[in-house]
Amino acid sequence: MKTHNFYAGPSILPEFTKERTAEAVMNFAGTGLSVMEVSHRSKEFVAVMDEARDLVKELLEVPADYEVLFLQGGASTQFYMVPFNLMKTKAAYLNTGTWASKAIKEAKLYGEVIEVASSKDKNFNYIPRGYEVPSDVDYLHITTNNTIFGTEILEDLDVPVRIVADMSSDIFSRPIDIKKYDVIYAGAQKNLAPSGVTLVIIKKDILGKVDRPIPTMIDYRTHIDKESMFNTPPTVPVFAALMTLRWLKENGGIKEMEKKNIAKAKLLYDELDRNKMFVPNIPNPEDRSRMNVTFVMAPGFEEFEKEFLEVAAAHNIVGIKGHRSVGGFRASIYNAMPIESVGVLVEAMKEFEAKH
Ligand code: PLP
């Protein structure tokens with residue numbers, strides 16, 4: 001029986017990615033060697049890195065004055081790498097959850113942080129709107145998808161400065177206007193690859209403007225100059241990322257992915273709005289994440305939470321227990337999640353309602 005994988009990250013990847021990576025673990029590009037045991041300087045691996053970079057540029061329509069990097073240290077490393085490289089005096093941050101708060105903590109080490117708005121007052125269950133972004137800040141940092149709480153900024157914001165965006169959990173899920181961003185970063189372990197690689201898209205001419213000395217390894221210019229090969233890259237995750245990028249292209253690219261993501265999210269949220277036993281955590285439909293759908297038992301049905309987890313398990317549904325800071329449930333429905341699996345969850349909810 002098929003297992004329906006709703007984990008938040010590491011999480012579901014396309015069958016194509018897994019199959020091709022498994023093959024390459026045994027015999028990579030006809031070398032007779034594993035992708036784990038060839039030099040990153042071999043022509044076969046350099047071709048992987050080049051194609052992965054080119055496909056990111058093609059799929060996201062990245063303009064020529066931006067560079068695409070594959071780095072290590074997770075999105076968490078970007079929390080300090082961004083201010084270290086870009087913050088001259090002050091930067092604006094939008095606080096929409098745990099990850100945004102962690103980014104703010106790091107930025108405060110390097111300059112003044114202006115928190116333009118926060119949704120902390122309601123346990124981060126909405127996306128703030130109507131706040132002012134000062135025009136004299138070095139950048140505005142946002143987290144486009146809040147993996148834990150289940151909110152998402154679904155459009156490219158109109159602000160007087162360029163944006164730095166943590167897109168760890170919604171990269172490649174909808175088209176984006178890259179020109180509005182100075183930096184986009186994403187830990188790979190949701191929509192791209194296994195953990196171990198971080199995608200960074202960066203506007204080149206913003207670099208070299210800060211006075212502080214920058215250690216070589218965390219200077220973006222190092223990685224631009226060395227084409228993500230300054231130090232040994234995580235070869236297996238980069239290979240897997242390339243497979244997912246090929247899969248994205250073969251399946252109609254980002255616009256097609258967005259259509260599927262809208263349909264999947266609608267199926268699940270419609271059921272949450274209808275079913276008397278469950279309520280979505282995010283009241284405003286415009287703020288609801290298409291990637292991480294969070295919900296709780298409706299008032300009066302709280303005692304049934306454990307039982308629903310058991311029912312879900314009986315349907316081979318895994319990974320829907322909510323993050324401890326929210327409780328309830330979280331269904332992560334990333335790009336690779338087929339709508340049929342969302343359907344299985346919806347059916348389980350319907351059956352549960354009928355039973356009680
Ligand atoms: N930002 C967001 C939005 C995330 O969801 C996560 C991890 O889940 C992180 C940052 C941290 O990423 P990493 O574990 O790659 O450092």
Q: Within the stretch 6-24, count every residue that is basic (Lys, Arg) and farther than 26 Å from Leu345 by Cα.
A: 1
Q: Give the stretch 142-171 a look and list any residue that's away from the ligand (no atom under 11 Å from the Cβ), touching a helix residue (DSSP H, G or I) at 6+ places or on another chain (Cβ under 6 Å) and assigned to a loop (DSSP other than H, G, I, E, B), or say none.
A: Asp156
(Q) Name the single residue that is farthest from the ligand (Cβ to nearest atom) among those in the stretch 1-36 being crowded, with 18+ Cβ neighbours inside 10 Å and among the aliphatic types (A, V, I, L, M). (A) Ala24
(Q) If I ask for residues that are part of a helix (DSSP H, G or I) and not hydrophobic (A, V, I, L, M, F, W, C), which ones from the stretch 289-309 would you list? (A) Glu302, Glu303, Glu305, Lys306, Glu307
Q) Restricted to the stretch 317-333, and to residues that are crowded, with 17+ Cβ neighbours inside 10 Å and of a type in the set (Gly, Ala, Ser), which residue is farthest from Ile282 (Cα to Cα)? A) Gly319
Q) Within the stretch 55-70, which residues are surrounded by fewer than 14 Cβ atoms within 10 Å (Cβ to Cβ) and free of Cβ contacts under 8 Å to residues at least 40 places away in the same chain? A) Ala64
**Q.** Selection count, the stretch 72-110, where residues are surrounded by fewer than 19 Cβ atoms within 10 Å (Cβ to Cβ) and of a type in the set (Gly, Ala, Ser)
**A.** 4
Q: Sort out which residues of the stretch 300-316 are of a type in the set (Gly, Ala, Ser) and surrounded by fewer than 16 Cβ atoms within 10 Å (Cβ to Cβ), and write them in order of number.
A: Gly300, Ala313, Ala314
Q) Under 8 Å by Cβ, and 6 or more places apart or on different chains, what pairs join a residue from the stretch 97-115 that is in contact (Cβ under 8 Å) with a residue 12 or more places away in the chain and within 16 Å of Val183 (Cβ to Cβ) with one that is within 16 Å of the ligand (Cβ to nearest atom) and assigned to a loop (DSSP other than H, G, I, E, B)? A) Trp99/Thr147; Trp99/Ile148; Trp99/Ser168
Q.
Filter the stretch 66-108 down to the residues that are within 12 Å of the ligand (Cβ to nearest atom) and part of a loop (DSSP other than H, G, I, E, B) and list them by number.
A. Gln72, Gly73, Thr96, Gly97
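We did not get these values from a lab; they are worked out from the coordinates using the rules stated. Because the structure is predicted, anything quoted here is derived from the model rather than measured. With ideal geometry, Cβ positions are generated from the backbone for all residues, glycine too; neighbour counts draw on all protein chains shown.
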